[in-house]
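No value in this document is a laboratory result; all are computed from the given coordinates. All of these numbers come straight from a predicted model, not from anything done at the bench. Cβ placement follows ideal geometry from the backbone for every residue including glycine, while neighbour counts extend to all protein chains displayed.
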Amino acid sequence: MKQPAHNQNNSHDPLSVLSPWWKRADIGTDLSRIFMLILLSLGTGFIFNTIYIWPKQYPSSMNQPHTLLTQISMEHAYELVQRKQAVIVDTRDPEAYAHSHIAGAINLPLSQFDNYYPDFASQVEKSQTIILYCSAGCGIKEKVATRLQQHGYQDINAIAAGPKEWAAAGYPVAKEENPHITEGERQ
Amino acid sequence: MPAPSQPISRRILNNRKVLIILRLAIAIVFIMASWEKIIKPDAFADIIEGYQILPAATVELVAIWLPWTELLAGVVLLVGVWTRAVALLLSLLTFIFIAALSQAMARGIDIQCGCFSLDPEAAARNWASLWQEFLLLASCLWLWIGHWKEPAPAHEEEHPAG
């Protein structure tokens, strides 16, 4: 028997008349739910960091603006370090420092500033020129600079590069265990 | 003898037991992947910065947002609500991870993934190790497609309600 023209293709299986996939996937509904999840996670992330992470990083300067650092080039930083006219300081976590750091750098991690500062202060005079770095583009060094200024350091500079860029420019990097990590911290 | 109501491919895709296992496995993977990034946002920001694709101003924002999206998506999947939407979100995220890793490796950047560990001593990623991300992407896509609505019967297509 001849089928009606509009139903010829699908008469053998009533379920095979497929809605378009985007209707079956209900993209519109799901995109609105995804948008809500993204907003919720962004809000939760900010609240969590405000309460638990950022106060540990710079407890006494929560509401202070970041210090305006003097940015210097890698070439200038290298010259100053070579002439022993500046101290170069790695502000990243001890694990990252141990993995790779600019040769001669002292580790002063933002996350453990209070633990590391006494050792740092015993090595670096407050009149000395300091050059801070973390990774290219990261914002940790500005927070460390704020803390150092509060302790009386004045001549604080920064390079917008990390060990990768330093090594790529042909300057020496070191990979060694952080001498500032104590036995207790290792365990 | 009655014809099967669905083609075999659709019956496999829609297998309820497989979908439950996928949902729980993906939920656990993303919850576990999120935790270290949540408690060490600075270390995660360093790794994101290493990919060299995002403007510096957005790195910290992504480091704060992304782990929480992974955690919330994992929890929502565990609970079993909004599964289709979350599966789509995680498919998109996993696709972006693969694209980001691939571009970094193609440019010769010695990259730490930051996917499941922030350990700087972790082995750098290579092309062969991408199978993990592709497996995760396939699982998320399966979970997404498996939760599409059932096809409408022919008579409903021809005379939609309302």
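For A:S19, the amide hydrogen comes within under 5 Å of the amide hydrogens of B:A152, counting only partners 5 or more places away or on other chains and with H modelled in the peptide plane.
Over all other residues within a Cβ to Cβ distance under 14 Å of A:I88, the charged ones net out to -1, with Lys and Arg as +1 and Asp and Glu as -1. Reported to the nearest whole Å, the Cα centre-to-centre distance from the range A:81-126 to the range B:54-85 is 33.
Once backbone amide H atoms are built at 1.01 Å from N, A:I88 has A:I106, A:I131 as its partners under 5 Å, excluding neighbours fewer than 5 places away on the same chain. Separation of the alpha carbons by more than 31 angstrom is noted, of B:K37/B:K149; B:K17/B:K40; A:K84/B:K40; A:K126/B:K37; A:K143/B:K37; A:K23/B:K17, for B:K37/B:K149; B:K17/B:K40; A:K84/B:K40; A:K126/B:K37. For the pair A:R83 and B:T58, label points projected 7 Å from Cα toward Cβ lie 4.1 nm apart.
If the segment from B:E36 to B:L135 were pulled out straight at 0.36 nm per residue, it would be longer than the present Cα-Cα gap by 33.4 nm.
Amide H to amide H distances under 5 Å link A:I102 with A:A174, where only residues 5 or more positions off or on other chains count and H is placed in the peptide plane.
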